[in-house]
1. Somewhere in segment 117-132, is a residue of a type in the set (A, V, I, L, M) and more than 19 Å from the chain's Cα centre (by Cα)?
2. With respect to GLY125, is the statement that it is assigned to a loop (DSSP other than H, G, I, E, B) and open to solvent by less than 30 Å² (accessible area, probe 1.4 Å) true?
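The values are calculated or read from the model by the stated rules, or taken from the named source; none is laboratory data. Being a predicted model, the structure only gives us computed values, none of them experimental. As a convention, Cβ positions derive from the backbone with ideal geometry for all residues, glycine included, and neighbour counts pool all protein chains shown. Please note that ligands, DNA and RNA were not included when accessible areas were found on the heavy atoms of the full protein model with its side chains. Shrake-Rupley method; radii C 1.70, N 1.55, O 1.52, S 1.80 Å.
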Amino acid sequence: MKKYISLIFILGLVFFFQSCASQNTGDPKMVDALVNSQEFTFHAERANPTNYDVINVMNSMPNSPSTRILQLNGNYTVEVKNNILEVVLPYFGRLFNPTYGNTSNNSYRFTSKDFTIDKSQNKKGNWIVKIKPNDVNNVDQIIIEVYKNGKAFTSVRSNDRQPITYDGFISKNEPIP
């Protein structure tokens, strides 16, 4: 009986470490090329609101996990391409100047043609990409930290709302059909 238990335990460890190792999404050279070309798409998979009212409402719902991370189901992206920045991200938090007539302005949905990009690499080899749109009133700065494996962490600092962060990954821009 002890043989079976130890065998099951060893197989469980092997499967666990195999699944952990398969989480790399990209090659570091490909990630460097994407960031250097300044043409890539950040795909948001999770949102991390910082407002405790939102977190308390999420935790009070039946059958909700007690976490402050929202799993996003949809196509939420930050796309950088040929002098155009397209942002489509949901927002969960407190707005200081909400628009009641047009609720589409309450999320981050805009296209910018006047923006600056500042990129640098830290000691660990991760890229820090700072995007400052100059023709958008409510967004001050978008910071994307890109890890060597293609995973990314994005924070949006705004003039009229609390900050929010997103987890996801970067990829090559999709060609327009």
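1. No.
2. Criteria met by GLY125.
Matching residues to (1) open to solvent by less than 90 Å² (accessible area, probe 1.4 Å); (2) within 19 Å of LYS151 (Cβ to Cβ); (3) modelled with pLDDT under 90:
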{"residue": "GLY12", "(1), (2), (3)": "yes, no, yes"}
{"residue": "GLY26", "(1), (2), (3)": "yes, yes, yes"}
{"residue": "THR41", "(1), (2), (3)": "yes, yes, no"}
{"residue": "ARG46", "(1), (2), (3)": "yes, yes, no"}
{"residue": "VAL54", "(1), (2), (3)": "yes, no, yes"}
{"residue": "ASN63", "(1), (2), (3)": "no, no, yes"}
{"residue": "LEU72", "(1), (2), (3)": "yes, yes, yes"}
{"residue": "VAL80", "(1), (2), (3)": "yes, yes, no"}
